[in-house]
Amino acid sequence: MKDVIEGIQAVLGEILDAHPAGFTEHELLKKLAEHEVSLFGEEYFNSPLGLFQRHFLLFHCLYVLRDKLRAAQRSDLEIHCLGIRQIAYRNTPSDHPAQFDPLAAYYLELDNFTNTDEQEVLRLLNDFWKRFSGDEQRDKALAVMGLAHPVSYPEIRQQYRRLAMQCHPDRGGELAQFQRLEWSMGILRVLYRAN
């Protein structure tokens with residue numbers, strides 16, 4: 001595996017040197033496939049585990065390459081799924097210790113690659129979509145109430161009661177507005193009680 005990783009890093013270095021504007025993750029994966037780099041063929045697009053392994057291995061190699069470039073004071077890498085590019089090295093000595101990068105720590109630990117199976121990948125994807133969907137729904141529901149995150153559940157209940165008194169059809173309010181408020185409270189009740 002070590003030889004494979006070193007080979008990927010060498011090709012990555014060449015690709016990034018030749019393209020200073022950088023790539024998205026997807027574009028960089030396609031470039032590696034064009035170079036016929038091991039583990040980046042089309043068969044790895046066919047399952048969630050294969051996609052995870054490609055993604056993980058790419059980011060592992062990028063973080064190792066970044067650390068090598070920094071140690072040589074040659075350049076640096078910006079690493080994000082939406083933009084990966086080589087940038088100038090900045091030697092900024094500081095009295096402060098280096099800031100911990102949890103993403104780099106995750107991707108630099110190869111056990112996270114070898115110990116992650118299909119079930120774990122599906123769980124990670126499910127958790128991501130729950131958080132993503134939950135945050136989006138939460139923000140929409142809070143906006144209906146004129147609130148924004150972070151807010152406590154008691155504050156939500158208080159705002160709901162106040163608005164319900166104003167927009168309830170029996171008190172001269174509009175039915176559509178009251179229904180939006182009810183929808184909002186239903187979403188927030190589930191999300192905030194789950195936490």
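The values are calculated or read from the model by the stated rules, or taken from the named source; none is laboratory data. Nothing here was measured: the structure is a model prediction, and the numbers come from that model. Cβ placement follows ideal geometry from the backbone for every residue including glycine, while neighbour counts extend to all protein chains displayed.
A quick yes/no check of all residues on (1) over 16 Å from D67 (Cα atoms); (2) out of contact with any strand residue (DSSP E or B) (no Cβ under 6 Å at 6 or more places or on another chain):
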site	(1), (2)
G13	no, yes
T24	yes, yes
L28	yes, no
H35	yes, yes
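The single residue among F113, F100 that is at pLDDT 90 or above and hydrophobic (A, V, I, L, M, F, W, C) turns out to be F113.
Taking the numbered list (1) modelled with pLDDT under 90; (2) surrounded by 14 or more Cβ atoms within 10 Å (Cβ to Cβ); (3) among the basic types (K, R) in turn, R157 passes all entries but (1). Screening the range 24-40 for residues that are crowded, with 17+ Cβ neighbours inside 10 Å and of a type outside the set (K, R) and picking the one that is nearest to E78 (Cα to Cα) gives E25.
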